[in-house]
Amino acid sequence: MALLMATVSLLLFAIFDSDQFRKQIAVAELGGFGVAALSEADYTDWIAKRGLDAPFLERYVSWVGQVFQGNLGHSLEYNMPVSSLLADRLTSTGILAFFFFLAMVPIAFTLGIVAGIKEGGLLDRIISIGSVVSTSIPQIATAVLLTVFLSLGLGWLPSKSAMVAGFSMKELVLPILTLLIYDVGYVARMTRASMIEVMSSNYIRTATLKGLSSAKVILRHAVRNALIVPVTLVFLQLNWLLSHIVVVEVFFQYNGFGQMLYNAAMYGDIEVLQAAALTASMVAVVSQLLSDIAYALLNPRLREVK
Amino acid sequence: MSHSISLQKTRGAGLSRLQLVLGLMGFIWLSLCVYVIFPDAFGAYQSYITLPAAAAVVAVYVLMFQMWRGSRIAIVGLSLVSFWIMVSVLVPALPLIDPNKPIAPFLSPGSSKDGLTFWLGTDMRGRDILSRALWGSQRILVWGITSTASAYFVGISLGLMAGYLRGWWDEVFSYLTNVLLSFPVMVLLILMLNYLGQSPFNVILAITCSSAPSIMRIVRGLALQERSRDYVHAAQVRGESALWIMVMEIVPNIRGPLIVDACLRLGYTTVAITTLTFLGLGLQPPDPDWGLMIREATSSAMVWKFAYMLIIPSLSITTLILGFNLIADGLRELSLRD
Amino acid sequence: MTNTMNSGEVISAGTAGKGQVPVLECRDLCISYRTRAGEVPAVINFNMRLMAGEAHGLVGESGCGKSTVALGIMRYLGRNGFIKSGDILLNGRSIVSMTEDELAQVRGGDIAMIYQEPMASLNPTMRIGEQLAEVPMLREGLGRKAAMAVVEKILAKVRLPDVARVVKAFPHELSGGQQQRVVIAMALLANPKVLLLDEPTTALDVTVEAGIVELVQELAAEFNTAMVYISHNLGLILETCESITVMYSGEAIETGPVAEVLREVRHPYTKGLINSIPRIDVSRYERPLTTIAGQLPLPSARPQGCFFGPRCSNFVAGTCDQAHVQMVPITATHASRCQRVAEIDWERPAEEGKLRQKAEPGEVLLDIKNLTKTYGKVKANNNISVEARRGETVAVVGESGCGKSTLAKVILGLESASSGAVELGGKDIGKTPVTKRDRETVRNLQMVFQNPFDTLNPSQTIGFQIGRVLRKLGGIKDEAEVQRKVLELLDTVKLPRDFVFRRPRQLSGGQKQRIGIARAIAGEPTVVIADEPVSALDVSVQAAVSELLLDIQEEKGTTFFFISHDLSVVRYLSDRVVVMYLGQIVEQGPTEDVFQPPYHPYTEALLSSVPISDPSIVKRKVVVSADVPSPSEPPPGCPFSTRCPYAIKGVCDKDQPQAKTFANGHQIACHLSAETLLAMQPIILDQKAS
Ligand SMILES: Nc1ncnc2c1ncn2[C@@H]1O[C@H](COP(=O)(O)OP(=O)(O)O)[C@@H](O)[C@H]1O
Ligand code: SF4
Ligand code: SF4
Ligand SMILES: [Mg+2]
């Protein structure tokens, strides 16, 4: 895991160490956003001044050191340290993510379990079709349709979530709903598949033929085994969320991590982009680790191996 | 029992239905690619070069319909997808208003002007929405299918080597995969397009890099499973080469789950491309594109009255993705039956 | 199936007299499954009367409806199965008309069930103790603590070592035999009146099986539990049950007291079944197997009249293919579903199979010298030396995990030897992987695999798969020639020629196995390694495939290197036997000598564990403990010392025994003196006068 993190950070460092990105920073720093051209001489000077002519590995090590001290560079667009910008935006996105998971996990698990109890039953069919449809609507389309109907049409909710007048719970609803519609469908589907597999296993037969009531069989024997895979999946949704937060935040103008990443990419705020990419990938690596740990903890067969 | 039993059959050759379908789909795809990539190659006949593909679409539809008759879901999906493919093939020859020509802005659906009827209205620049929505399918399908195919080619090759050859191949490819999968997809796409610059080719490259790792994982898992089966041992025992075993023995037996996955992934890829255009990355204006239509409308027409500008492209993309997902679902259902 | 045909069908086996109420009774039970192809009757007019404490055996080949009967009794038929008609009575109460609540009382209370796969029957994420404690908590309303105490008592009763550990263990931490003991304990906890055992030992090794069978018998006697024992193994039923029902294609075709049914067979199918089972006490030269032609009809395509008709050698058109055949009583307790039961001469010996002549083996072809193969710490093969001569069959026997398959892999070049040599025609190939071997070597060493469902590539036609070998190894370029040869090979393995077009899923297990054999011999190899080629097949199919292998050997002089855990099949097929235990050879020699004293103590235990389906035979019992040491930590001295009843303290657990040589090159690696070994009694003691 540590090795993976090191590789990922090295890769990111190398990408942002390329001439192409360096020049963008140089242009911005030296001349502000207006200047297009940059003379070779100025560029060489700038490199020397920044100490960018030192050997690659040396700079990588010192960069890692800086990162650990929380020094992630300077945002040209916002004219503030990247670290404080990042902290601010991560908090906003954290709030969004918190409510998202709070709603997604119980809804998706319940739907999946209920559908999986009786494969092919009426409830199963309704939930299954619902989940295919909900996972078929791309995030932008969901965002558009929800805004059009709930906000433009019915006027129940604000169409933008920029929170200009301070934090507003109401403005969180549409972005969270947009994320939920896809992901509840997805996680419910996976839970259902897992539940169906468990329900057809021999140990469920054993439990039933012990004379346990079907409620007991499901609660005591089936659910626990059926949730192993979905629980690990929930951790992986963190990675998924980081992807989808971009379009949702941009659409609703929510000032979170995704929008920061997007703006940095669009306006060439390179050090912000680098920090954002680094953060996103580290979160993804950690979520994978958490997912693996959860699997090992829930699965007695793996528990001892670890 | 005589020797009349044909030689062809013992070779396992003969054109199977699957091969026929694949061939026809390849033809449709090529026609569209030629049309989109070389817009001026055929001069005045340009609008007609995709017409033969329309026949192919019908043929594929009929063949697949027969194969998937058992699953209503798959048939609905097939119909949705075929509809959009048909549209993208026919659209150059249809009597549509020029999708890029500004005529009169903000016309509501059904209104007419200058003797032209705008069935779905016009957008804020005065361009015909119906025409733009139909033309939009073409770009999405060409780039969506091309990048999925490219991701599949890479993913299957690496996955087979990792899963069948094991050893160092596996170590290296699995590690590479893990590195790439450590980036959330959208972050990877934004980063790559920022680094490489925005062009259709780079979109394909970026999507390949983001999709191939998961495909590789799936193929690797399937190949691992197959390699422990006795028919693979039998091939090894008779001294077959690794290439033969991977391509001739293993691939045909893992194609079921791969086709299902491919349908889902076509959906993901299409969404990714649309999303990129929506974000202003990737494919560039002014050519019509669903993501672009939403982007333009959100910046200037966020009012209930003009909501049709948003709804139409949203529904277009949704029906296409729904089609892919329904096919995947139906195929999974069919595969569980036998 | 109409209901009119079962009038008067009241005959069923049962040792107890009339008047008593049976604990369990099936009356004209019909069970069907709803499938896409329509409704499929899986069990038809099944009758059974089970008295308290009685053990009733249910035998038949796979798919004949045995499990369906058991699950039907539990009313647990999945989503698509249902009881179509008939009744199941538990102490006179109808199970069929019970409510769900009443059913829950019966399940695991009055009737408990034990299944084939013990691992799959236990919840993988729940500790053994908790899973078991549920039963007394539910039945007797005990608290957790009290329930646990009950659980510990019952676990000790099924003779699990270290009960305290087992209670806390998860299922995967126990061996297969231990898991099955846990499942039995779970069943006994509710003190059921009836125990249904569905192939409880099929997945286990013979010595483990013997232990479980003994346990079940003791416990049933102690608790006076009635049992329905399902198995495909007639011998096992003979050892465990008083009465038997033989099933064929969903019907009971013969029923009665076990010994009587086996001695005085009154149905051609039962007779065929008995004659197709190889036995450890006779060789193929004394008792060739007969095979049953054809195969089990699909439940959706059963023939008119007698279901067994198309395969029956006593079939008479106009008699057997008319009305549905009824059960015909023979004695008060014995009945047969054969139209011609009174006409057939049952004493006439079965048409004998082909009597074979002993052939002299030729020169040494395959010579394995001091072969060792290690995987990390595990010595999967430890200093193995075996040779195989032209035209002979060398069998390697041993229980699962003893290193048989590793040996095959090394010989074939799928794994490479850690040390020692594998010589084929004088050339060492032990360390050459198959891809590096020259074509001659590859051609000369081919393989037949165990699992018929895995051995053929599902997406290639049969013709292509055989043809590929001809082109690749036979070096045949001419397409017409390939074509001709493929058809010839199909003739050789006795399959119709139009199979060339078919794909594997259109074939039955036995047919697939024949194709596997055709493919192996297509390149005319001198040595064929056969890894359990018949063990996944039903007995009648097993016999036919065994005969096929012998025919091929006779015709082509092929050397077979035959790997098996089944001693009866080994006795039948092989000329020489190698017995392996924990990666080492403990005994080897000519088949006749290995199956007679002197025995290696392990071989003796193996032989004693094999059930024999002949009531006139008396067997000497040797039961050894079931706990096989882990291959990664083998005992320091003799590998068998942890289980051996003869083990000499201070010797066997310290020093590796050297091989002692007896007559005909018969070798036994044991510390016991030659005199002691020679003084051993045979396992088959006596033929009771019948
Ligand atoms: N769930 C099911 N659906 C449809 N057919 C089934 C099902 N289970 C068993 N069968 C069919 O019923 C017949 C009897 O099967 P089974 O009772 O399992 O036989 P046995 O236990 O003797 O091997 C077979 O033909 C089998 O294919
Ligand atoms: S009824 Fe006829 S076909 Fe059936 S078993 Fe008896 S003799 Fe054979
Ligand atoms: S050497 Fe000792 S332990 Fe081993 S088989 Fe002989 S008597 Fe038993
Ligand atoms: Mg069964």
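Please report, in cubic angstrom per residue, the volume enclosed by the convex hull of the alpha-carbon atoms of region B:151-287.
Working: hull volume 15.0 nm³, N = 137.
Expressed per residue, the convex hull around the Cα atoms of region B:151-287 is 110 Å³.
Here A:Gln66 and B:Arg72 are evaluated by their C-beta separation; at R0 = 45 Å the FRET efficiency comes out at 0.15. When the alpha carbon gyration tensor of region B:97-337 is reduced to an equivalent ellipsoid, the three semi-axes, largest first, read 44, 19, 13 Å.
Only helical runs count toward this figure. For chain A, summing -39,500 (n - 2.57) over DSSP H runs of n ≥ 4 and dividing by all residues gives -24000 deg cm²/dmol at 222 nm.
With a ≥ b ≥ c taken as the square roots of the eigenvalues of the C-alpha gyration tensor of chain C, please select rounded if a/c is under 1.5 and otherwise prolate if a/b is larger than b/c or oblate if it is not?
It is oblate, given that a/c is not under 1.5 and a/b is not larger than b/c.
Within 10 Å of each Cβ in A:279-290, how many Cβ atoms from other chains are there, averaged over the peptide?
If you average over the peptide's residues, the count of other-chain Cβ atoms is 3.
Over chain A, all Cα pairs binned in 20 Å intervals from 0 give whole-percent P(r) values of 27, 47, 23, 4, 0, listed from short to long. Each part reduced to its alpha carbon centroid, region A:207-250 and region B:245-283 end up 26 Å apart. Working ranking of peptides B:90-101, C:236-247 by packing, defined as the average number of other Cβ atoms within 10 Å per residue, highest first, is C:236-247, B:90-101.
Sorting C:548-558, C:273-283 by their mean Cβ neighbour count within 10 Å, with the most densely packed peptide first, gives C:273-283, C:548-558. Ignoring lysines fewer than eight residues from C:Lys168 along the same chain, the ones with Cα atoms less than 16 angstrom from its Cα are C:Lys145, C:Lys153. Ellipsoid fit via the Cα gyration tensor, region B:5-152: semi-axes of 37, 18, 13 Å, each the root of five times an eigenvalue, largest first.
This ranking places A:Phe101, B:Phe42 by how few other beta-carbon atoms lie within 10 Å of each, fewest first, which gives B:Phe42, A:Phe101.
Exposure proxy for B:Thr298, C:Thr559: other Cβ atoms within 10 Å of each Cβ, ordered fewest to most, give B:Thr298, C:Thr559. Kirkwood hydrodynamic radius for the protein assembly as shown: how many Å is it when counted over pairs of different Cα atoms? The answer is 35.9 Å. Charged neighbours of C:Cys644, selected by a Cβ distance under 10 Å, balance to -1 (K, R count +1; D, E count -1). For chain A, the longest principal axis of the Cα atoms and the long axis of helix A:228-252 meet at an angle of about 50 degrees. Projecting the Cα atoms of B:Met246, B:Ala133, B:Cys209 onto the charge dipole of region B:130-274 (Cβ charges, centred on the Cα centre) puts B:Ala133 farthest toward the positive pole. By the helix-only formula, in which each DSSP H run with n ≥ 4 contributes -39500 (n - 2.57) and the sum is divided by residues, chain B has a 222 nm mean residue ellipticity of -23000 deg cm²/dmol. With a Cα cut-off of under 25 Å and a minimum spacing of 8 residues unless on different chains, the lysine pairs in region C:316-423 number 10. Inter-chain neighbour count for A:19-29: the average number of beta-carbon atoms from partner chains within 10 Å of each residue's beta-carbon is 1. Can you give me the relative contact order of region C:260-394 as a percent, contacts being Cα pairs under 8 Å and 6 or more apart? Once divided by the residue count of region C:260-394, the mean separation gives 21 percent. As a test of the formula, what do you get for chain C when each DSSP H run with n ≥ 4 contributes -39,500 (n - 2.57) and the sum is divided by the residue count, at 222 nm and rounded to the nearest 500 deg cm²/dmol? Calculated from helices alone, the mean residue ellipticity at 222 nm is -8500 deg cm²/dmol.
How about C:Lys556: which aspartates and glutamates have a C-alpha closer than 12 Å to its C-alpha, ignoring those fewer than 8 places off in the same chain? Qualifying aspartates and glutamates at Cα under 12 Å: C:Glu392, C:Glu524. Amide H contacts for C:Leu365 (H built 1.01 Å from N in the peptide plane; partners 5 or more residues away or on another chain; cut-off under 5 Å): C:Ala388, C:Arg389, C:Arg390.
Once the Cβ-Cβ distance of B:Ala59 and A:Phe101 is raised to the sixth power relative to R0 = 45 Å, the FRET efficiency obtained is 0.40.
Relative protection proxy for C:523-532, B:65-74, C:32-41, from highest mean packing down: C:523-532, B:65-74, C:32-41 (other beta-carbon atoms within 10 angstrom). Taken residue by residue and averaged, Cβ atoms of other chains lying within 10 Å of the Cβ of C:108-119 number 3. How about A:Lys23: which lysines have a C-alpha closer than 29 Å to its C-alpha, ignoring those fewer than 8 places off in the same chain? Here the lysines satisfying the reach criterion relative to A:Lys23 are A:Lys49. For the protein assembly as shown, the share of DSSP beta bridges that are antiparallel, to the nearest 5, is 65%. Among C:Tyr248, B:Tyr45, the order by Cβ neighbours within 10 angstrom, fewest to most, reads B:Tyr45, C:Tyr248.
Coordinate-derived values only; no laboratory data. These numbers come from a predicted model, not from an experiment. When we count neighbours, we look across all protein chains shown, and the Cβ atoms used for this are built from the backbone with ideal geometry, even at glycine.
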